[in-house]
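Input: a single structure, listed below in structure tokens.
The values are calculated or read from the model by the stated rules, or taken from the named source; none is laboratory data. Nothing here was measured: the structure is a model prediction, and the numbers come from that model. Ideal geometry is used to build each Cβ from the backbone, glycine not excepted, and the neighbour counts take in all protein chains shown.
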Amino acid sequence: ILLLSPPHTYPLPLLSLTTHLALLSTRLPAPTSSDDEDPLFNDDWDASLPLYPPPTTTKPTTNPNPNTPPAHPNSRPPITLLVIAIADNIFFDATRAELAVADAVLAVTIAASPPPSSDLALLAVRTIDPPSRLSASASAAETSQSGAGVDAEGVWSPRKGGVRRAVLGRMVRMCVEAGGVGEEVLAGLRAFG
């Protein structure tokens, strides 16, 4: 997938959601050959099998190939959420201005756990360099040479150092907790599948 976007923008949520929806509508041709033969597939589209079966079925789908485990009817593809932190504040679906001053940007990948559990599974957490790390500190116009290197009040400067572990923990927890953002996004996506 080649995705072109303007500098300092993060199209990750858009890419994640479109991939999620594309995988939900993907169908695989049904195999007609047995295990010891060359692979042959049925070319009838109506006989094809969905990669992710719709959640309306109550039992796991049967697969004609006994070596492949059947997909559970409630399985769904994972999604990736873009989460940012500015000081102790956590934002989902951040605007360009919020991204510009973010202290931390995380890409949190989650998926629904297999039944009987109704929890969300944390699959991956990746850090992304925010645009604020790419810019130098601003300087006030009225500072003289003697005041160089001293932070002036009202002048933005990028955060030095890292983000506290407690903030990172809260960012991840808000994605996977019951009634959290991840659950809300997956519930909204169920309307499309």
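The residue that is farthest from residue 75 (Cα to Cα), among those in the range 119-129 that are without any contact (Cβ under 8 Å) to a residue 60 or more places away in the chain and either exposed (fewer than 11 other Cβ atoms within 10 Å of the Cβ) or within 16 Å of the chain's Cα centre (by Cα) (or both), is 129.
In the range 32-52, the residues that are surrounded by 11 or more Cβ atoms within 10 Å (Cβ to Cβ) form Cβ pairs under 9 Å with partners that are of a type in the set (Lys, Arg) and in a loop (DSSP other than H, G, I, E, B), at six or more places apart or across chains, as follows: 52/76. In the set 138, 102, only one residue is at pLDDT below 65, over 23 Å from residue 191 (Cβ atoms), among the aliphatic types (A, V, I, L, M) and in a loop (DSSP other than H, G, I, E, B); that residue is 138.
Cβ separations smaller than 6 Å between residues 6+ apart or across chains give the following pairs from the range 167-193 residues that are farther than 15 Å from residue 109 by Cβ to residues that are in a helix (DSSP H, G or I): 192/21; 193/24. For the range 171-193, taking the residues that are surrounded by fewer than 16 Cβ atoms within 10 Å (Cβ to Cβ) and of a type in the set (D, E, K, R), the one that is nearest to residue 54 (Cα to Cα) is identified as 190. Pairs meeting the criteria (first residue in the range 87-101 and touching a residue at least 12 places away in the same chain (Cβ under 8 Å) and under 20 Å from residue 16 (Cα atoms), second residue surrounded by fewer than 16 Cβ atoms within 10 Å (Cβ to Cβ) and of a type in the set (D, E, K, R), beta carbons under 6 Å, at least 6 apart or on different chains) are lacking.
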